[in-house]
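The structure under discussion appears below in the form of structure tokens.
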Amino acid sequence: MAQKSELTNMFYHYLFFCFGLLMFFSYAAHASIFKRDEKVIISSLHQIDEDIYVFCENFVVDGEIDGDLAAFSEKILINGDITGSAILSSNKLTVNGHIERSLRVFANSILINGRVDRAFLVFGNDIDINEGATIGQDVTAFGNTIHVSGVVQGNKSSIRGAVVTIAGTFTGDVHIQGEKIRIEPTAVILGDLTYTSNREESITIAPGATIEGATTWLPQAPDKTEETSTTTVLVVTLSKLLAAFLFGIILLSLLRKYGEEAFYQIRNRFATSLAVGILALLIFLFAILVLIVTIILFIVGLALSSGDSAAIGAMALIFSILSLPICSFATITGAVIFYSGKIVVGFLLGYAVVRLFVPSPAVLGKLQLFTGLLVLTLLFIIPYVGFLIYLFVSIVGAGAIILGIQHCRKVPEPSQLK
């Protein structure tokens, strides 16, 4: 029962996170700043008065962001203040500053030295809420190595990792699931401590640690295959959703004219888009087959490059060397087009949904893209049927992209959408 409850909580967090993103982009659609560069720095002399989206390799905030922040970067360093919420995805994240609302993180290495006034949801490998850090509400953490030395002021926090170390203060209840759990002498838990593990001895409570409530062990079921599989599916599904959204935003910023034309093609010529997509799929499969044959010929050519069969080997090498770049280009291009197909369909679905609430929404908006991708993601996870839906969406979307490239023309007047 405890494992099912934990898994259910994670599922709800996943849904709430998606809903939060939806609300986030709904608000940001009215006023936002988009920054994309190798390195983005908001210095201490700058103040951003709007929501901001950042896509870069290195992101540093020394100033103030008076709004929400969404950042996707290799490295993120937050030294300044953020008055809104933050959604961050990074390889290495360090927060030394102040986030006045909630913080949502997907990263490999996370170090929190500053203050988060509301809830903190984190998925990562190494998670460290350092001494001096303060979380104003609950912490929900999923990771490998988790260390908490700061102050968590929530009512009920949930921590799940392989190795969990508590050396800080929790003002409420704490539920920990892990293989190795240690409560340090400096730890203070003012509520109940509940831990889930294979063995009751998996926890070590050092002398001097303060636990005012009850300490309860919940045995972990021996077979975790189903739970682990479901958890993995949820994490992977959410990662795919965010990756597709990021990819769509980048494409939109680079190729907006072609994106608009592809949108109109799939909206006004759906059957034609499907037919062109099927034809493109056949060509794509043929290109893959030729690429495989070319690689085999290259290997055979190397093997026969000496001896009596040198002439045959030379011919095979010449053919493979000439064909390999063409086949590789065709295969990669086809893969990108078919992956982008769901982006186009996502815009169409999102536009249809948003139009139910907004009379004349933008054709290619961030809110429309995220809404459409969210609908598609929920459809894709349906067993068996989801794969067929994904295949159909990719084909018809790819067909619309090809038609859009071929028939790129002036975008119709807004009156044509009515």
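Any read-out appearing in this document is the output of simple, stated calculations on the displayed coordinates, not a laboratory observation. Remember, it's a predicted structure, so these values are computed and weren't measured experimentally. Positions of Cβ are backbone-derived with ideal geometry, glycine not excepted, and every protein chain shown enters the neighbour counts.
Cross-linked pairs Lys75/Lys257; Lys75/Lys240; Lys39/Lys92; Lys75/Lys366: Cα-Cα separations exceed 22 Å for Lys75/Lys257; Lys75/Lys366. By the rule of a C-alpha distance below 18 Å, with chain neighbours fewer than 8 residues away ignored, the aspartates and glutamates paired with Lys342 are Glu260, Glu261. Given their separation in residues at 0.36 nm each and the Cα-Cα distance between them, Ser253 and Lys92 gain 55.4 nm when the chain is fully extended. If R0 is taken as 41 Å, the Cβ-Cβ distance between Leu302 and Arg199 corresponds to a FRET efficiency of 0.15. Consider the candidate values (1) 24.4; (2) 22.1; (3) 23.5; state which one is Kirkwood radius over Cα pairs in Å computed from the structure displayed. Only one option fits the structure, namely (1). Each of Arg182, Arg355 has some number of other Cβ atoms within 10 Å of its Cβ, and from fewest to most they run Arg355, Arg182.
Taking Cα atoms only, the orientation of helix 225-254 departs from the longest principal axis of the chain by about 60 degrees.
So if R0 is 41 Å, what FRET efficiency would His407 and Leu246 give, r being the distance between their Cβ atoms, rounded to the nearest 0.05? Approximately 0.90, to the nearest 0.05.
Partners of Lys156 within straight-line reach, counting aspartates and glutamates whose Cα lies under 15 Å from its Cα and excluding those fewer than 8 residues away in the same chain: Glu6, Asp138, Asp173, Asp192, Glu212. For a straight C-alpha distance cut-off of 15 angstrom, the aspartates and glutamates reachable from Lys35 (same-chain residues fewer than eight places away being disregarded) are Asp49, Glu50, Asp51, Glu57, Asp68, Glu74. For the pair Ile41 and Glu57, the difference between a 0.36 nm per residue extended length and the Cα-Cα distance amounts to 4.6 nm. Basic side chains Lys and Arg get +1 at the Cβ, acidic Asp and Glu get -1 at the Cβ, and with that the dipole of the stretch 227-417 about its Cα centre reaches some 620 debye.
The calculated FRET efficiency for Ile278 paired with Glu179, based on their beta-carbon distance and R0 = 45 Å, is about 0.35.
Remark: the Glu50-Val236 segment gains 63.9 nm on full extension, using 0.36 nm per residue and subtracting the alpha carbon distance.
The Stokes-Einstein estimate for the stretch 140-222, based on a Kirkwood radius over Cα pairs and taken at 25 °C with 0.890 mPa s viscosity, is a diffusion coefficient of 200 µm²/s. In the chain, if the dipole is taken from +1 on Lys/Arg beta carbons and -1 on Asp/Glu beta carbons about the Cα centre, which of Thr272, Leu77, Gln153 is farthest to the positive end? Selected residue: Thr272.
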